[in-house]
Amino acid sequence: MSALFQPLRLGGLELPNRITIAPMCQYSATEGCATDWHMIHLGGLALSGAGLLILEATAVSPEGRISPGDLGLYSDANEAALARVLAAIRAHSPIPLAVQLSHAGRKASSRAPWEGGTQIPPDAPAGWPTLAPSAMPHAEGEAPPEALDPEGLAKIRDDFVAAARRAARLGLDGIEIHAAHGYLLHQFLSPLANRRQDAYGGAPENRMRFPLEVFEAVRAVFPAERPVWVRVSATDWVEGGWDIEETVAFARALGERGCAAIHVSTGGVSPRQSIPLSPGYQVPFAARVKAETGLPTIAVGLITEPEQAEAILADGKADAVSLARAVLYDPRWPWHAAAKLGAQATAPKQYWRSQPREYKDLFSGAAHGQR
Ligand SMILES: Cc1cc2nc3c(=O)[nH]c(=O)nc-3n(C[C@H](O)[C@H](O)[C@H](O)COP(=O)(O)O)c2cc1C
């Protein structure tokens, strides 16, 4: 029996298999509202047979967007636009759906990657002033963010709560809180971005305080049976930065507060990072978090082959894998993985006739006849 195709329980949510689709920004929203692109893109991924589809980083406020084209969940219009996309998906796919709630902090007000990805200055027409734990820019020469004061912190907590309430109303099955890749909550965690002198800076417990407050606030308003979990960067890949020991301590604190899983990525907080890329290069971090906290972990990063994913799970290094680029390149990755590993995949009935002759039982429930 393939480990990849075993169900996985995250809190009250059962995933039919352990392939998750990682959150992927599309930079294609209008004022935070999902567009036809999201209908096409998410609609396609919803037919993949994966066990979970995590919607892209979705901003809790306009100033929390990475780029002007980011998806948001901060207005009634945002909620209505996403409801339309989710209704279409729900009509045609049983895939569990989660949203990644995010605030970009000092990495907000950026151009889309295909426009260079650089900072849009706050005084440029499409740009805006950014907020962060400390008034230090992400990269030298960039306009610095404003350091958040107590009212600013309270507002961001409230923004996460309001977005979580909208996610609950939309019927989303889970929430992933984005505390990775150098965005706001990671900026609080990392000593490279957080130089605060108050209760939110300094010692690791202080740097974890705001992300934990946000987690608690979101967990409190999202229906108890639906999971809330966190995506972390397990290391900054910079000497003197946030590291795996602190990540384990953070994961433990999250676990005590009802966190259903840890999605373990790395990097993103500093241009000085040096990342040794290789297949599955972040898996050892997921394995550490899993071994030391007992929490379900999702491993991500250059996981591209079914046998590789299977081995990660069979060896007990993680409880699920998530794929980003590989699944954009091949949206039927879960079908092909099921074929290779001798398992069954979920496919829409409209596509059942595509089942290859050599995989007679590939699509669960597949049948067809004609006169
Ligand atoms: C197009 C694209 C958009 C991404 N957007 C997000 C995002 O919204 N949130 C996030 O946490 N990571 C984002 N990532 C990172 C991926 O989720 C993933 O962690 C990374 O690509 C490594 O996995 P991979 O090797 O399977 O691509 C994005 C990656 C890609 C390729």
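Quick check: anything in region 26-38 within 13 Å of the ligand (Cβ to nearest atom), within 19 Å of GLY105 (Cα to Cα) and among the acidic types (Asp, Glu)? Checked against the condition, which is being within 13 Å of the ligand (Cβ to nearest atom), within 19 Å of GLY105 (Cα to Cα) and among the acidic types (Asp, Glu), region 26-38 yields no hits at all.
Table: residues versus (1) open to solvent by 40 Å² or more (accessible area, probe 1.4 Å); (2) among the aliphatic types (A, V, I, L, M).
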| position | (1), (2) |
| --- | --- |
| TYR27 | yes, no |
| HIS38 | no, no |
| ALA50 | no, yes |
| THR58 | no, no |
| PRO68 | yes, no |
| ASN78 | no, no |
| ARG90 | yes, no |
| ALA104 | no, yes |
| TRP114 | yes, no |
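On the stretch given as region 307-366, residues that are open to solvent by less than 70 Å² (accessible area, probe 1.4 Å), charged (D, E, K, R) and free of Cβ contacts under 8 Å to residues at least 24 places away in the same chain total 1.
Would you please name the residue that is farthest from HIS138 (Cα to Cα), looking only at residues in region 229-274 that are among the small types (Gly, Ala, Ser) and not in a loop (DSSP other than H, G, I, E, B)?
So in region 229-274, the residues among the small types (Gly, Ala, Ser) come out as 233-234, 240-241, 249, 251, 253, 255, 258, 260-261, 265, 267-268, 270, 274.
Subset that is not in a loop (DSSP other than H, G, I, E, B): 233, 249, 251, 253, 255, 265.
Details: SER233: 16, ALA249: 25, ALA251: 25, ALA253: 27, GLY255: 30, SER265: 19 Å.
My answer is GLY255.
State yes or no: is ALA108 touching a residue at least 24 places away in the same chain (Cβ under 8 Å), small (Gly, Ala, Ser) and surrounded by 21 or more Cβ atoms within 10 Å (Cβ to Cβ)? Judged against the criteria, ALA108 is a match.
Here is a yes/no grid of residues against (1) more than 19 Å from GLU292 (Cβ to Cβ); (2) within 13 Å of the ligand (Cβ to nearest atom):
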position: ALA224; (1), (2): yes, no
position: GLU239; (1), (2): yes, no
position: TRP242; (1), (2): no, no
position: GLU246; (1), (2): no, no
position: PHE250; (1), (2): no, no
position: ARG257; (1), (2): no, no
position: HIS263; (1), (2): no, yes
position: THR266; (1), (2): no, yes
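Of the listed requirements (1) surrounded by 18 or more Cβ atoms within 10 Å (Cβ to Cβ); (2) of a type outside the set (Ser, Thr, Tyr); (3) without any contact (Cβ under 8 Å) to a residue 40 or more places away in the chain; (4) in contact with a helix residue (DSSP H, G or I) (Cβ under 7 Å, 6 or more places away or on another chain), LYS290 misses just one: (4). Scanning region 16-40 for residues that are within 16 Å of ARG90 (Cβ to Cβ) and in contact with a Ser or Thr (Cβ under 8 Å, 6 or more places away or on another chain) returns PRO16, HIS38. Taking (1) small (Gly, Ala, Ser); (2) away from the ligand (no atom under 16 Å from the Cβ); (3) open to solvent by less than 30 Å² (accessible area, probe 1.4 Å) in turn, ALA22 satisfies each apart from (2).
Among the helices (runs of 4 or more DSSP H) confined to region 275-371, the ones with at least 2 residues that are over 22 Å from ASP243 (Cβ atoms), within 12 Å of the ligand (Cβ to nearest atom) and at pLDDT 95 or above are located at 306-314, 325-329.
Return yes when ARG84 is open to solvent by 40 Å² or more (accessible area, probe 1.4 Å) and of a type in the set (Lys, Arg) and no when it is not.
Numbers: open to solvent by 40 Å² or more (accessible area, probe 1.4 Å): yes; of a type in the set (Lys, Arg): yes.
Yes; evaluated as a whole, the condition is true for this residue.
One line per residue, one yes/no per condition, for (1) over 20 Å from LEU131 (Cβ atoms); (2) buried (at least 18 other Cβ atoms within 10 Å of the Cβ):
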{"site": "ALA199", "(1), (2)": "no, no"}
{"site": "GLU216", "(1), (2)": "yes, no"}
{"site": "ALA220", "(1), (2)": "yes, no"}
{"site": "PRO223", "(1), (2)": "yes, no"}
{"site": "VAL228", "(1), (2)": "yes, yes"}
{"site": "THR235", "(1), (2)": "yes, yes"}
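If I filter region 159-187 down to residues being assigned to a helix (DSSP H, G or I) and more than 16 Å from the ligand (Cβ to nearest atom), which single residue comes out as surrounded by the fewest Cβ atoms within 10 Å (Cβ to Cβ)? Here the residue is ARG169.
Would you confirm whether or not region 50-70 contains a residue that is under 29 Å from ALA343 (Cβ atoms), more than 16 Å from the ligand (Cβ to nearest atom) and over 16 Å from the mean Cα position of the chain (by Cα)? Within region 50-70 (the criterion being under 29 Å from ALA343 (Cβ atoms), more than 16 Å from the ligand (Cβ to nearest atom) and over 16 Å from the mean Cα position of the chain (by Cα)), the answer is no, since none of the residues qualifies. Among all residue pairs at least 6 apart or on different chains, which show Cβ distances below 7 Å where the first residue, located in region 118-133, is crowded, with 17+ Cβ neighbours inside 10 Å and the second is among the basic types (Lys, Arg)? These pairs meet every condition: ILE120/ARG111; THR130/ARG106; ALA132/ARG106; PRO133/ARG196.
The values are calculated or read from the model by the stated rules, or taken from the named source; none is laboratory data. Just so it is clear, the structure is predicted and the values come from calculations on it, not from any experiment. All Cβ positions, glycine included, derive from the backbone under ideal geometry; neighbour counts span all protein chains shown. Surface accessibility is based on the protein's heavy atoms, side chains included, excluding ligands, DNA and RNA. Shrake-Rupley method; radii C 1.70, N 1.55, O 1.52, S 1.80 Å.
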